[in-house]
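Throughout, read-outs are computed from the coordinates displayed, never taken from laboratory work. Keep in mind that what you see is a predicted model, and the values were worked out from it rather than measured. Here the Cβ positions follow ideal geometry from the backbone for every residue, glycine too, while neighbour counts run over all protein chains shown.
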Amino acid sequence: MAQLKAMDALEPFLVLAMTASSPRQAADLVIRATSYPSTYVFAELLQCPRIQALAHAEPEHAVYLTVLQIFSYGTYADYERGTAPASATIHADSSRQSQTQASTAPAPAAANLTPLPTLNEAQSSKLRQLSLVSLATDRSSLGYDHLIKALQLTDDSQLESLVMAAVYAGLVTGTLDPAHRVVRIGSVAPVRGPAPDAIPKLHAAIHNWSQRCQTALTELNDQIAGIRRAAAARAEEAERWEAQVQRAVDVERRTMSRKEGNTSSSTNDGNNSVGKRPMTLNVSGLGAPTVSPRFNKRGSSLIASSGGPSGSSAPTSVSAHVADEEGAMDLDDDDGGDANKRNRNA
């Protein structure tokens, strides 16, 4: 907001700078612009051709170009030294190199040898406020002693009045800490113009920052590529290991299947041999077997094959024949037992 107000306040002076026809008018315009209460931005006015022409004017007029340079990007200490800011000298040297040595060299020398004009009260207060903005740009707190020395003040009350005026003008935000004699800065308004050598320095700083970013990005890409390669290797190893495990499982399954098949075959063969029924021969139709005559226990009856009178041709099974043989053996045993009894009685 303070910058917009300052630029609007400078607009009438820009119009007047376009119509200034002599170095005296240009110098008078610098005095009026720097004394006006609401003007704090002077970069555009400094770039006007009629104002830049003061560099080749008489020394009494050329010094006002130095004054405007100090108000644009210098400090109160530069004014006390009676010289242009260091960046202005660098800018003048670069301008002289682009032009002829004879036409531009005397002007800066004359400006540096001629003392700067005395500032009025409004100019002194404004330059101190602008210097406070420059000092607070990169700091969050400023000591009373440092500010009093840098702004060429006499006591703490002058410093506190200056800080409050800068705060009311919107140049800075902050608080006073008289107990610790410290000015605590919250923010500063962008009202200071860039120094002529600020852009090359800024460009160099940005270039270095860009190179560092590019280096960091390259390292990050290398790390990402390494991580991806490691992940791919781990995935390949996992797949290879899984394939080995699967092959081992398949081999084990085939082995177990073969063992189970052999066991089943052996079991079936054993079951078939154990549960096999004895073969029964069917001898029907082959004729009745010849049976030896046997006598019973009384010795009177002849045991013949069952199933009809002698001479019949009825079929007889092997089982019946075996039963007859066993019966005959029993009769023989009984006969032997009776004979033994008779012998003992005799």
Note to self: So if each residue of separation counts as 0.36 nm, and I subtract the Cα-Cα distance between residue 204 and residue 262, what length gain in nm does that give?
What the structure shows: 12.2 nm
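If packing is taken as the average count of other Cβ atoms within 10 Å, what order do 135-144, 216-225 fall into, highest mean first? Write down the numbers at each step before the final one.
Working: 135-144: 15.5, 216-225: 10.0.
In descending order of packing, they fall as 135-144, 216-225.
For residue 167, what is the net charge nearby, where nearby means another residue's Cβ is under 13 Å from its Cβ and Lys, Arg count +1, Asp, Glu -1?
Details: positive: 184; negative: 160.
Within the 13 Å Cβ shell, the charges total 0.
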Check: Can you work out the FRET efficiency for the pair residue 58 and residue 9, with r the C-beta to C-beta distance and R0 = 30 Å, to the nearest 0.05?
Finding: 0.55
Next item on the list: Compute the distribution of all C-alpha to C-alpha distances in the stretch 99-253, in bins of 10 Å from 0, and list the percent of pairs in each, rounded to whole numbers.
Entry: 8, 20, 17, 15, 11, 8, 7, 6, 5, 3, 1
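Between residue 242 and residue 213, take the C-beta separation as r, use R0 = 45 Å, and let me know the FRET efficiency to the nearest 0.05.
Values: r = 42 Å, r/R0 = 0.94.
The pair residue 242/residue 213 has a calculated efficiency of 0.60.
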Notebook entry, point to check: Once the piece of chain linking residue 181 and residue 31 is laid out straight, how much longer is it, given 0.36 nm per residue of separation minus the C-alpha distance between them?
Noted result: 50.6 nm
Next item on the list: Among 4, 127, 132, rank each residue by its count of other Cβ atoms within 10 Å, from fewest to most, as a rough exposure measure.
Entry: 4, 127, 132
Next item on the list: Go ahead and collect, in residue order, the members of the stretch 164-195 whose backbone nitrogen is under 18 Å from a label point 7 Å along the Cα-Cβ direction of residue 149.
Entry: 181-183
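What ranking do 207-213, 153-159, 47-53 get when scored by the average of other Cβ atoms within 10 Å per residue, highest first?
47-53, 153-159, 207-213
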Notebook entry, point to check: Distance in nm between label sites at residue 229 and residue 156, each 7 Å beyond Cα in the beta-carbon direction?
Noted result: 6.6 nm
